[in-house]
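First up is the structure itself, then whatever we jot down about it.
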Amino acid sequence: MTKDFQIVVTGASGFVAKNVRKYLSENNVKLISISRKNFKKLKNETKIISKNYDERIILPKIKNSFGLIHLVGIGKQSIKNNYNLVNVEFTNKIINLCKKAKIKKIVYNSGLGVYKTNSIGYFISKYEAEKLLIESGLDYTIFRPSYIVGKDDLFTKYLKRQIKKGEIQIPGSGNYSIQPIYINDVCQIISKSLIDKNFKKQTLDLVGPESISFQKYVKLFSKKTPTKIKKISLESAYHDAISNTKSEFGVDDLNLLVGDFKGNYRKLQKITKFPLQSISELLKSGRLF
Ligand SMILES: NC(=O)c1ccc[n+]([C@@H]2O[C@H](COP(=O)([O-])OP(=O)(O)OC[C@H]3O[C@@H](n4cnc5c(N)ncnc54)[C@H](OP(=O)(O)O)[C@@H]3O)[C@@H](O)[C@H]2O)c1
């Protein structure tokens, strides 16, 4: 990629954004990264700090960029931050910014499990956001990720904290499955989606090659440590999620787990055209520690 290839990243201090920015910066892509709070600037990067993504500040700087990667999103609601405001309304605001700035390509992370009849509020908001993108007239790529895992994602950090305490708690049976994808693969795929025509107007599950039970994942993750694995009742996990704002699992984290969603890896593979990291191999290698 050349230096003139300018990309805008929203939600710059988030987990996926941090990794994607690093990847693009190392590949000499010119970046305009936007966040509500201060963050460390990378090579080839211009920072924009704006609490409300003020159009007067942002628009002149992002004009005529090649593409925008929209990584603002929440998976847990509060009185200040609800799904409609952040996942739907904010996406609409970013789409309008793209149009005004003449940015033609937008890449968005939705969620694995989005389909018309899903009744969970989180997925409904992601569905609405997807609809806005599809109807926007822009060239879009919508990814529906399962768990994106790296050294510093929330799930991995949770498991590391539990290991330190000597016990990992699994809500319910742990037999529900997840289909994690490695962050390094995600960075490459997102980057490729900006320029590769095969990604044009596509909605793709962003999943790894293996669907693995939560229980097995936790076992492999903690294999080399003397950690006890304890199953806790789903009822008490939900109760904690509902009543305690600091609970490890939010209500929708539990909904996502119990939902047992499986993604179409083959379709992703056909378009990405490179093999993705096996999650069990990754866990065995200890690279997430
Ligand atoms: N990580 C995963 O496994 C996973 C799985 C499925 C879907 N996704 C989706 O992928 C996207 C990125 O995920 P992530 O894991 O990187 O999440 P993250 O670490 O929580 O980052 C999301 C970012 O969104 C921005 N944000 C949150 N509330 C906002 C608000 N009210 N106004 C403006 N900005 C706000 C924040 O950016 P600043 O603090 O920089 O302003 C935050 O860092 C999200 O849309 C998420 O739903 C992620």
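What follows draws every value from the coordinates through simple rules; no lab data is involved. All values reported here derive from a predicted model rather than from experimental measurement. All Cβ positions, even for glycine, are placed from backbone atoms using ideal geometry, and neighbour counts span all protein chains on display.
What share of the DSSP beta bridges in the chain is antiparallel, in percent to the nearest 5?
5 percent
Could you rank the peptides 173-185, 153-165 by their average count of other C-beta atoms within 10 Å per residue, with the highest value first?
Peptide ranking by packing, descending: 173-185, 153-165.
List every residue whose amide H lies under 5 Å from the amide H of Leu204, counting only residues 5 or more places away in sequence or on a different chain, with H placed 1.01 Å from N in the peptide plane.
Amide H neighbours of Leu204: Ile142, Phe143, Arg144.
Based on the Cβ-Cβ distance of Ile242 and Asp152, what FRET efficiency does E = 1/(1 + (r/R0)^6) give at R0 = 35 Å, to the nearest 0.05?
Values: r = 27 Å, r/R0 = 0.78.
The formula returns an efficiency of 0.80 here.
Please get the size of the charge dipole for the chain, origin at its Cα centre, with Cβ charges of +1 on Lys and Arg and -1 on Asp and Glu, quoted in debye to the nearest 20.
That gives a dipole near 960 debye.
How large is Rg over Rh for the range 6-145, taking Rg from the Cα atoms and Rh as the Kirkwood inverse mean of 1/r across Cα pairs?
With Rh from the inverse mean 1/r over Cα pairs, Rg/Rh is 0.95.
Show me 261-267, 139-145 ranked by packing, highest mean number of other Cβ atoms within 10 Å first.
Top to bottom by mean Cβ count within 10 Å: 139-145, 261-267.
Among Leu97, Asn44, Ser78, whose Cα sits farthest toward the positive end of the charge dipole of the range 23-134 (+1 at Cβ of Lys/Arg, -1 at Cβ of Asp/Glu, about the Cα centre)?
Asn44
Take the alpha-carbon centre of the range 179-228, take the same for the range 142-165, and report the distance between them in whole Å.
Measuring centre to centre over Cα atoms gives 11 Å.
I want the antiparallel fraction of DSSP beta bridges within the range 90-228, as a percent rounded to 5.
Once the DSSP bridges in the range 90-228 are tallied, antiparallel ones form about 15 percent.
Please sort 114-124, 203-213, 49-59 by packing, taking for each peptide the average over its residues of neighbouring beta carbons within 10 angstrom, highest first.
203-213, 114-124, 49-59
May I ask for the angle, rounded to the nearest 10°, between helix 183-195 and the longest principal axis of the chain, with both axes built from Cα atoms and the value confined to 0 to 90°?
Helix 183-195 and the main axis of the chain meet at about 30 degrees.
Using the alpha-carbon atoms, what tilt in degrees (0 to 90, nearest 10) does helix 90-101 show relative to the longest principal axis of the chain?
In the chain, helix 90-101 runs at an angle near 20 degrees to the longest axis.
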